[in-house]
Amino acid sequence: MSAGNMNLNGRPRVGVYICHCGINIAGKIEIAELVKFAEKLPDVTVVRDYKFMCSDPGQNIIQADIRNGLVNRVVVASCSPLMHESTFRRVSSDAGVNQFLTQMANIREHVSWVTADSQDATAKAKALIGAAVHRVVLHKPLEKKTVPVHPDVLVVGGGIAGIHAALTLAESGKKVYLVEREPSIGGHMAQFDKTFPTLDCAACILTPKMTQVRLHPNIELLSYSEVDSVDGYIGNFDVKVRRKARFVNEDKCTGCGECTVNCPVHNRIAPPEHPEVEPHLDHEVKSWLTNLLEQYKGRAREALLPLMIEVNRQYRYLPRDIIHYMAWRLDIPLSDVALQVATFYNVFSLKPRGLHTIRICMGTACFVKGSGRLLERLERELGIKTGETTSNLNFTLEAVRCIGCCALAPAIRIDGDTYAHVRQDRIPRLLRKYTVEGGVKV
Amino acid sequence: MKITTMQGLEDARAQGERSLYPARTKITVGMATCGIASGAGAVYAALIEEVKNKRLDATVTRAGCIGYCQQEPLVDVLQPGLPRITFGQMTPKKARELVVRLSEKKGLPFEDAIYRTDEDKILITGQEVRLAAERAANGYRKVTLIREHPYFKKQKRIILRNCGLIDPESIEEYIACGGYRALWKALKEMTPIRINEEIKKAGLRGRGGAGFLTGKKWELCRLEPGEPKYVICNADEGDPGAFMDRSVLESDPFSVLEGMVIGAFSIGSHQGYIYVRAEYPLAIERLRAAIDQAEEYGTLGKNILGSSFTFNVRVVEGAGAFVCGEETGLIASIEGSLGEPRQRPPYPAQKGLWGCPTNINNVKTWASVAPIIFRGGSWFVATGTEGNPGTTVFSLVGKVRNNGLAEVPLGIRLREMIFDIGGGIQDDRAFKAVQTGGPSGGCLPASLIDLPVDYERLADAGSMMGSGGMIVMDEDTCMVDIARYFLEFTSDESCGKCTPCREGTKRMLQILTRITRGKGRPGDAEYLQNLAEVIKETSLCGLGGTAPNPVLSTLRYFHDEYEAHIVDKRCPGRVCKELISYSIDPEKCPGCLACLKQCPTEAIIGEAKVAHRIIGNKCIKCGACLDVCNYNAVIVE
């Protein structure tokens, strides 16, 4: 802070340098207006414009003002900082102002090139210059310094990528810590037979590398461990690795696996988190669900699918509050019930379905006999796509993979009724049979 | 009520026989899903009402499905001492007439009859039941005998032995057809090892599609240490185009239950599961009813048939996921989680349901068990071919005249299936291909028409047995579109766990869609071939491993169709919308206005008795005109 104050020489004196960039900027933006605007900004002492600010004569203008003591902070309104920020920083520092007291306003790429109207462009340029001036006043002079770098490397994850990275680094002489969450490294690749797309044998690639990791003097393997926190910065990280309880003397263990085979609890799954509060549910629905649950006493997981099927049958979809309640009652995480199971199986819907569900069979026999054209006709008649529900909640249209009536192809099932050998011209009549006047009340 | 002695079984049999062959007229309606969809419900109601009105001395009953779906609804009439006559394509009106004729003793409407049955042969016991006491009267003799009817002549019914004959909700009728004899023999006279040996001797192969030896599978599970053990019946018949599992469960659920009890006894299991897909509500209903009855009669539950053996069965309803038909996926689904397959080994026999040894077989496999146990493995081997003993059920559907289920000895030729049993192609079109094995199978061309059907031959030809779907395609089918259809199916049903299946099927679908839209690029066919082979090699489970089969087999046999799409931008099957156009043949069109009324975009112009015309740019190629035209005047090219 003190060094910064010394460079400031009292109050900030901002110089604003507006570049024409030939006609790139001046062709669109009223430069004279910008100059007038910038002159009125607080702390601004000098405003100048020039054809090419980045050229030598342009740079000299800035340096002259700095050397003459007119300016101790610089705003250059020109192109993108990607283009010339380093140029203008050097200009400032060569003339004796800390390079970080320079700010650019991008009025070319952000304004003149991309704005159609000249007035709009000028207004936006003003706003950008104003912002840059206000900002540069708050800049602090910064100094570059060098710190020693800790050369050791931590690799997180002992999959094939992590293994390979660790080995490459260790070979180049670095000390490597390899952290793996599971008891063994290898990751997904250890589960594959062959690799895509060359069909190489996965184990033949992976296992030699796994052994190399274990034997390499430069690699320290932290298996069954997880990274808890990462602090610090590039070159000087502070990492906390939590080594999970293992109750095995690692120096003596040969990894024979005998103990896991004999362990009475190794297959136990940790119970999921249980919300404290019972989710709200209508009393009647609750007792209905409770009755259903009675049949599955003590077999929560097995009860899940039949219960969901039952609820889905009753309501034609899975209402949100029931799902919440079921997850709580069965002590199964909500994400498991609602997201995984409900979206995996085709019969479930998380959105309300129509009063009648039209299931058009898309089995092979039906397909060969033109069920695709029937489906298109249904979509046209109902004005919805497959899988959607009509806005009056009368019909939901679904394509199913074979209802097992292949000898009657093409077949359609509406609710519980199956219709055989359906032809396109029969569809309007079929739909009329199920239509409820004025839509369905929910 | 519980059957504990041979006498008890005999009593039940006698009672079953009385309802199967009553001393008065019996009218039976085939009431499986396909029958009901064809209107059997209305026929049944009409029969009951009319019988009551006419005070006819007759019972009206329901049966399952005999498999001749083309002729549904089917109605059997059995009068004491006369052959059973089966009528097809019944309507309520015809049904009423039938009752009227019966009550006025006018003789049956033989012109509507499809076939007659003079005697029933009980498969399990080998015993014959004569129906026609004397030589049948003239009218009866005119009707074809069932064993000479082209649809049934080549069939040999082991799995479907009772289908369409008995009331699926009557355990007595099942017992009257030899039911639970095998279970009696197994529990009282055989050891678990002997039972297992008998199945091994029979060489029964899994009828779910992969064809693994059932006896071997049981042995693996039987010898596996660990308790409890589970047996599962896989009734998640997801293959589109196959419906025999549904039909067996709807028509003869006890045969599956009996097979499961025998299997469980051999393996040492006390809890069974039957996993039925959600799309089969009637099968679930009948199965539940059958389980209740079996428990009541003591052929399921505690102390089965008076022995010390206990076995319970629970029905699990699927929720619509094709991949759950894969055994590890199915097990995961029963456990209440995602039906995602996992890596094998460990196989279910080692680590299955809840981590315990589990044996899982298909519906048809379980239904085959009882006859093998009662009549012996060597009896079973006599049917079929070497290495492929026994029979299997095919669902013969698509563009074939006689749609339905046919049970035939393995090794039968495709020609016999399609042209003898199936009666040839509909509307006298040319036969183009037959698709077997569902989305995992392939399409076989007309040149392979003499191929014997067994597990190995089909695999060599690039298809597979699968669950027995046999979809016949004629010249109006586009093979590229069929490949696209199956990839749409598999990419949708892929669970997404492994990359080759998840990404690969999607990519193949994109390319196939491009080709069917006329935007195929040179080299697409080769690229597909390459991609298909990689997916086949690298996928985790059977779904991905077989998903490329429809593409590979169509590329192999119908390469010219791919070329026509890609190079000439032409669809030889006249299916792909972007590559065809509709027009009306002015010579054939009499101007009946039928198509004009149906056209959703008013693209057809004309007036009564003047040939119509289609305005090309208005036509959305929906095919409505084609469907309604009775004069074959709509041309697609």
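The values are calculated or read from the model by the stated rules, or taken from the named source; none is laboratory data. Note that the coordinates shown come from a computational prediction; the quantities given were computed from them, not determined experimentally. Methodologically, a virtual Cβ is constructed for each residue, glycine included, from the backbone with ideal geometry; neighbour enumeration extends over all protein chains shown. Accessible surface areas use protein heavy atoms only, side chains included; no ligands, DNA or RNA. Shrake-Rupley method; radii C 1.70, N 1.55, O 1.52, S 1.80 Å.
Summary table
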| read-out | value |
| --- | --- |
| Test: residue in the stretch B:232-245 that is open to solvent by less than 10 Å² (accessible area, probe 1.4 Å), within 11 Å of chain A (Cβ to nearest Cβ) and assigned to a helix (DSSP H, G or I) | yes |
| Matching residues, the stretch A:323-356, being open to solvent by less than 10 Å² (accessible area, probe 1.4 Å) and either touching a Lys or Arg at 6+ places or on another chain (Cβ under 9 Å) or within 7 Å of chain B (Cβ to nearest Cβ) (or both) | A:Tyr325, A:Val341, A:Tyr345, A:Gly354 |
| One residue from A:Leu375, A:Leu393, A:Leu382 being at pLDDT 90 or above, farther than 28 Å from B:Pro550 by Cα, open to solvent by 10 Å² or more (accessible area, probe 1.4 Å) and more than 10 Å from every other protein chain (Cβ to nearest Cβ) | A:Leu382 |
| Matching residues, the stretch B:404-426, being touching a residue at least 40 places away in the same chain (Cβ under 8 Å) and among the charged types (D, E, K, R) | B:Glu407, B:Arg413, B:Glu416, B:Asp420 |
| Residues within the stretch A:417-432 that are touching a residue at least 12 places away in the same chain (Cβ under 8 Å) and more than 11 Å from chain B (Cβ to nearest Cβ), tallied | 2 |
| Among (1) touching a helix residue (DSSP H, G or I) at 6+ places or on another chain (Cβ under 8 Å); (2) surrounded by fewer than 20 Cβ atoms within 10 Å (Cβ to Cβ), the one test that B:Lys302 misses | (1) |
| Qualifying residue in the stretch B:360-368 (condition: surrounded by fewer than 23 Cβ atoms within 10 Å (Cβ to Cβ) and within 17 Å of the chain's Cα centre (by Cα)) | no |
| Filter result (under 25 Å from B:Gly238 (Cα atoms) and open to solvent by 30 Å² or more (accessible area, probe 1.4 Å)) within the stretch B:400-428 | B:Arg401, B:Pro409 |
| The listed residue being open to solvent by 20 Å² or more (accessible area, probe 1.4 Å), more than 30 Å from the chain's Cα centre (by Cα), over 28 Å from A:Val347 (Cα atoms) and at pLDDT 90 or above, out of B:Arg507, B:Arg517 | B:Arg517 |
| Cβ-Cβ under 8 Å pairs, at least 6 apart or on other chains, the stretch B:48-73 side free of Cβ contacts under 8 Å to residues at least 12 places away in the same chain and in the same structural domain as B:Thr117 (by TED's automatic domain parsing), far side open to solvent by 40 Å² or more (accessible area, probe 1.4 Å) and of a type in the set (Val, Ile, Thr) | none |
| Selection status of A:Val71, among the hydrophobic types (A, V, I, L, M, F, W, C), in contact with a Leu (Cβ under 9 Å, 6 or more places away or on another chain) and open to solvent by less than 50 Å² (accessible area, probe 1.4 Å) | no |
| Residue satisfying condition, being under 30 Å from B:Glu493 (Cβ atoms), surrounded by 15 or more Cβ atoms within 10 Å (Cβ to Cβ), among the aliphatic types (A, V, I, L, M) and in contact with a strand residue (DSSP E or B) (Cβ under 8 Å, 6 or more places away or on another chain), within set B:Leu579, B:Leu552 | B:Leu552 |
| Residue that is closer than 18 Å to A:Lys369 by Cα, in contact with a strand residue (DSSP E or B) (Cβ under 9 Å, 6 or more places away or on another chain) and not basic (Lys, Arg), where the choices are B:Ile635, B:Ile614 | B:Ile635 |
| Listing of helices (runs of 4 or more DSSP H) fully contained in the stretch B:534-637 that carry 3 or more residues being of a type in the set (A, V, I, L, M, F, W, C) | B:549-557, B:594-598, B:624-628 |
| Contacts under 9 angstrom Cβ, first residue in the stretch A:396-416 being more than 7 Å from every other protein chain (Cβ to nearest Cβ) and open to solvent by less than 10 Å² (accessible area, probe 1.4 Å), partner β-branched (Val, Ile, Thr) and in a loop (DSSP other than H, G, I, E, B), 6 or more apart | A:Thr396/A:Ile384; A:Thr396/A:Thr390; A:Leu397/A:Ile384; A:Leu397/A:Thr386; A:Leu397/A:Thr390; A:Ile412/A:Ile403; A:Ile412/A:Val422 |
| Residue selected from the stretch B:609-627 under the condition among the aliphatic types (A, V, I, L, M) and crowded, with 18+ Cβ neighbours inside 10 Å, by the criterion modelled with the highest pLDDT | B:Ile614 |
| Subset of the stretch B:163-206 (residues that are farther than 30 Å from B:Ser19 by Cβ and assigned to a loop (DSSP other than H, G, I, E, B)) | B:Met190, B:Thr191, B:Gly203, B:Leu204, B:Gly206 |
| Neighbours by Cβ (under 6 Å, 6+ apart or cross-chain): first from the stretch A:239-256, open to solvent by less than 100 Å² (accessible area, probe 1.4 Å); second assigned to a strand (DSSP E or B) | A:Val239/A:Leu154; A:Val239/A:Val230; A:Val241/A:Val179; A:Val241/A:Leu222; A:Val241/A:Ser225; A:Val241/A:Val227 |
| Subset tally (residues that are open to solvent by 20 Å² or more (accessible area, probe 1.4 Å) and either of a type outside the set (Gly, Ala, Ser) or not assigned by TED's automatic domain parsing to the domain that holds B:Val77 (or both)) for the stretch B:119-135 | 10 |
| Every pair of residues 6+ apart whose Cβ atoms lie under 8 Å, when the first sits in the stretch A:109-122 and is assigned by TED's automatic domain parsing to the domain that holds A:Asn24 and within 12 Å of A:Asn24 (Cβ to Cβ) while the second is open to solvent by 30 Å² or more (accessible area, probe 1.4 Å) and part of a helix (DSSP H, G or I) | A:Val111/A:Lys124; A:Val111/A:Leu128 |
| Checklist (1) more than 14 Å from chain A (Cβ to nearest Cβ); (2) modelled with pLDDT of 90 or more; (3) more than 36 Å from the chain's Cα centre (by Cα) applied to B:Gly606, failing item | (2) |
| The stretch B:374-403 residues that are assigned to a strand (DSSP E or B), paired with ones that are hydroxyl-bearing (Ser, Thr, Tyr) and open to solvent by 10 Å² or more (accessible area, probe 1.4 Å) (beta carbon under 7 Å, 6 or more apart) | B:Asn388/B:Tyr455; B:Pro389/B:Thr383; B:Thr391/B:Thr383 |
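For every residue, the table says whether it meets (1) open to solvent by 50 Å² or more (accessible area, probe 1.4 Å); (2) under 15 Å from B:Thr25 (Cβ atoms).
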{"residue": "B:Thr59", "(1), (2)": "no, yes"}
{"residue": "B:Leu74", "(1), (2)": "no, no"}
{"residue": "B:Gln89", "(1), (2)": "yes, no"}
{"residue": "B:Lys93", "(1), (2)": "yes, no"}
